[in-house]
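The values are calculated or read from the model by the stated rules, or taken from the named source; none is laboratory data. Bear in mind the structure is a predicted one, so any value in this text is a computation, not a measurement. So basically every Cβ, Gly included, is an ideal-geometry build from the backbone, and we count neighbours across all protein chains shown.
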Amino acid sequence: MPFSAVDVVLPCLDEAAALPGVLSRLPEGYRAIVVDNGSIDGSADVARAHGALVVTEPRRGFGSAAHAGLLAATAPLVAFCDADGSMDPGDLPRLAAPVLAGEFELTLGRRRPTTRGAWPLHARFANLVLARLMRRASGVALHDLGPLRVASREGLLALDLQDRRSGYPLEMVLRASEAGWRIRELDIDYSPRVGRSKVTGTVRGTIRAIKDMSRLLREARA
């Protein structure tokens, strides 16, 4: 696979401690695009020191950071991965292969916790509920919102995603389903993150994410 065959977008807010481990595990031919979303811990400098392209996105929100990374990408395929160390970028070639082969337009990683504390109970329960609603709205047999995912850059841009908060990953699946994309889910390891999550690490953050995603689901049903 040639260099930069896949650009990997890593939305980042204060992940300086996790970034070295995440970036060191990127497979050959995968370029990291770290989108700094207002970090105050030197995350951007750490990312540059480890060879990543750094994009600054001042508008707070996961969707804002993820979409800024998509706009900065130039490779044929774009992957999205959390920057907190909970997922192994080494799984990306397995997710990219079906897209490269033209068998699927979007692949998602179904999280399988490696330890009991990897996925907080309140976050896992919220994911189960949202995944069930997502299956009803999209008609796709998915079990996870899949933060680790791969699709073509041109295809993603054509979806014209609008959410700039926690609903961005869900909107991607809903729009992809509407567009007739073939979507596949593959198991991946999910480990304890480095540091505290800004979303699933707190009940408040989880509730905010549920509200964002519930709004998208209501719109999809309408």
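Does at least one position in segment 97-114 carry a residue that is in a helix (DSSP H, G or I), modelled with pLDDT of 95 or more and buried (at least 22 other Cβ atoms within 10 Å of the Cβ)?
Yes: segment 97-114 contains one or more residues that are in a helix (DSSP H, G or I), modelled with pLDDT of 95 or more and buried (at least 22 other Cβ atoms within 10 Å of the Cβ).
Looking at segment 69-91, which of the residues that are of a type in the set (Gly, Ala, Ser) and either part of a loop (DSSP other than H, G, I, E, B) or in contact with a Ser or Thr (Cβ under 8 Å, 6 or more places away or on another chain) (or both) is surrounded by the most Cβ atoms within 10 Å (Cβ to Cβ)?
Looking at residues that are of a type in the set (Gly, Ala, Ser) and either part of a loop (DSSP other than H, G, I, E, B) or in contact with a Ser or Thr (Cβ under 8 Å, 6 or more places away or on another chain) (or both), I get Ala83.
Look through segment 173-213, keep the residues that are basic (Lys, Arg) and modelled with pLDDT under 70, and return whichever of them is farthest from Arg135 (Cα to Cα).
Arg196
Test Ala66 against the stated conditions and say whether it is hydrophobic (A, V, I, L, M, F, W, C), farther than 22 Å from Gly155 by Cβ and within 12 Å of the chain's Cα centre (by Cα).
no
Tell me whether segment 145-155 contains one or more residues that are modelled with pLDDT under 95 and of a type outside the set (Gly, Ala, Ser). I'd like the intermediate steps shown before the answer.
Taking segment 145-155 first, the residues modelled with pLDDT under 95 are 145-147.
Applying the additional criterion that residues be of a type outside the set (Gly, Ala, Ser) yields 145, 147.
Yes, that holds for at least one residue.
How about segment 117-190: which helices (runs of 4 or more DSSP H) wholly inside it have at least 2 residues that are β-branched (Val, Ile, Thr)?
Passing ranges: none, list empty.
Please go through (1) over 20 Å from Gly109 (Cα atoms); (2) touching a residue at least 60 places away in the same chain (Cβ under 8 Å); (3) of a type outside the set (D, E, K, R); (4) surrounded by fewer than 21 Cβ atoms within 10 Å (Cβ to Cβ) for Gly38 and return the number of the only condition it doesn't satisfy.
Here Gly38 clears every test but (2).
What do you reckon, is Arg48 touching a residue at least 24 places away in the same chain (Cβ under 8 Å) and at negative phi? Steps first, answer last, please.
Working: touching a residue at least 24 places away in the same chain (Cβ under 8 Å): no; at negative phi: yes.
In short, no.
Conditions (1) touching a residue at least 40 places away in the same chain (Cβ under 8 Å); (2) surrounded by fewer than 20 Cβ atoms within 10 Å (Cβ to Cβ); (3) at negative phi, marked per residue:
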site: Pro11; (1), (2), (3): yes, no, yes
site: Gly21; (1), (2), (3): yes, yes, yes
site: Ile33; (1), (2), (3): yes, no, yes
site: Pro58; (1), (2), (3): no, yes, yes
site: Ala66; (1), (2), (3): yes, no, yes
